[in-house]
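Below is one structure; the comments refer to it alone.
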Amino acid sequence: MASNSFGKLLTVTTFGESHGPAIGCVIDGCPPGLVITTEEFRHDLERRATGRSRYTSQRHEADEVEILSGVYEGKTTGTPITLLIRNTDPRSKDYGEIMQTFRPGHADYTYWQKYGIRDPRGGGRSSARETTVRVAAGVVAKKWLAVHYGVQVRGYLAQMGVIAPDAFDWSAVEQNPFFWPHAAQVPALEDYIKKLRKSGDSVGARVNVVADGVPPGWGEPIYGKLDGDLAGALMSINAVKGVEIGDGFSAVTQHGSEHRDEMSLDGFTSNHAGGILGGISSGQPVTASIALKPTSSILIPGHSVNLAGEPVDVVTKGRHDPCVGIRATPIAEAMMALVLMDHALRHRAQCGDVGPVAPRIA
């Protein structure tokens, strides 16, 4: 399995399995001098974690970060940063009944066809447990972007099943377990999740992520497009089946006169392009959306086959999310932050001597 790293100047490599002794990552290319402590990882890891509310999987992991290298006396040294998170609450017996079968909608069958062996405990390497260390790496990227460029990366749950926000308020997002931007709708979401759990089913979701303060010029015009790298990073998140930059697929029904973001010296009049033109940031907010499928780990029996080639019915027991999108917001934020930091470093390396070019649109 060779593809466990992403990024060019800022490279992140993750390792570990859902029910192994630990998961972790190596962050290579972070500049020296960034102040970082283990305590700074806690907030975002708790936002992503299972078991923090009754609406997500009840697996209770401590998610304590150990910094093994790359930080000395509270500052990054410029050498590889190794972060380790030990798995403290695996319950592998929950997966004993599916060791000989392939769960429909999961990576069981494709892993078996590729490697001829698989770890059935919680999905092994394909488990969303791996995203914990992406979030940890994202903490470093978020702080570096904020310190050096004033960039703020944040996201929210933009749709769960058929429910979409009736209004929008950033201050509401962190005040409820759904990352929902309209506080008055939270009771309806709670009722929706309760009904899903009772039925044994699941539902999909949409998460939006926004980066404010990104300066113009980040990205490349062809093979290193900022939106291309961002789309790839977001698509790599478990359960993501679609990515939109800016208006995304809504552009299909728009006219050119509507979609183009007209300019004046006072700024752009719209942001249908999502802050990226020709693969390069425009100075507007960078916006992206991800569509997450409903998890296939449900109590409703589904048809499949076993290793002997026999037809079987599969019921996935254990601790699972009725909507994986509830915990996806900090993951999407992390991936956007890591891509932006990588592109910031790449831009600085090649074009750091290029000063502000007139006209500079606000």
Based on the mean of other Cβ atoms within 10 Å per residue, sort peptides 345-355, 132-142, 184-194 so the most packed one is first.
-> 132-142, 184-194, 345-355
Are there any helices in the chain, counted as whole DSSP H runs, that stretch 24 Å or more along their axis by Cα and score at least -1.0 on average by Kyte-Doolittle, and if so which?
-> 131-149, 329-351
Cα-centred dipole magnitude for the range 243-358, charges only on beta-carbon of K, R (+1) and D, E (-1), debye, nearest 20 | 400 debye
Under the rule rounded for a/c under 1.5, else prolate if a/b exceeds b/c, else oblate, using alpha carbon gyration tensor axes a ≥ b ≥ c, the range 1-44 is classed as oblate
Grab the DSSP H runs of the chain that are 4 residues or longer, score each as -39,500 (n - 2.57), total them, divide by all residues and round the 222 nm result to the nearest 500 deg cm²/dmol.
-> -7500 deg cm²/dmol
Taking only C-alpha pairs under 8 Å that are 6+ residues apart, what is the relative contact order of the range 5-351 in percent?
-> 23 percent
List the aspartates and glutamates whose Cα lies under 17 Å from the Cα of Lys75, skipping any in the same chain that are fewer than 8 positions away.
-> Asp28, Glu39, Glu40, Glu66
Separation between Cα centres of the range 146-218 and the range 318-355, rounded to whole Å | 16 Å
Taking 0.36 nm per residue of separation between Thr11 and Glu310 and subtracting their Cα-Cα distance, the length gained on full extension comes to 103.3 nm
Could you tell me, in Å, what Rg and Dmax come out for the Cα atoms of the chain?
-> 21.2, 69
Determine, from the Cβ-Cβ distance of Arg197 and Ala164 and an R0 of 30 Å, the FRET efficiency 1/(1 + (r/R0)^6), rounded to the nearest 0.05.
-> 0.90
Roughly what would the spin-label model give for Ser3 and Asp212, points 7 Å off Cα along C-beta, in nm?
-> 3.5 nm
Exposure-ranked with fewest Cβ neighbours within 10 Å first, Tyr156, Tyr109 stand as Tyr109, Tyr156
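Rule-based calculations on the coordinates, nothing more; no lab input. Everything numeric here is computed off the predicted structure, so don't read it as measured data. No Cβ is skipped: glycine too gets one built from the backbone with ideal geometry, and neighbour counts run over all protein chains shown.
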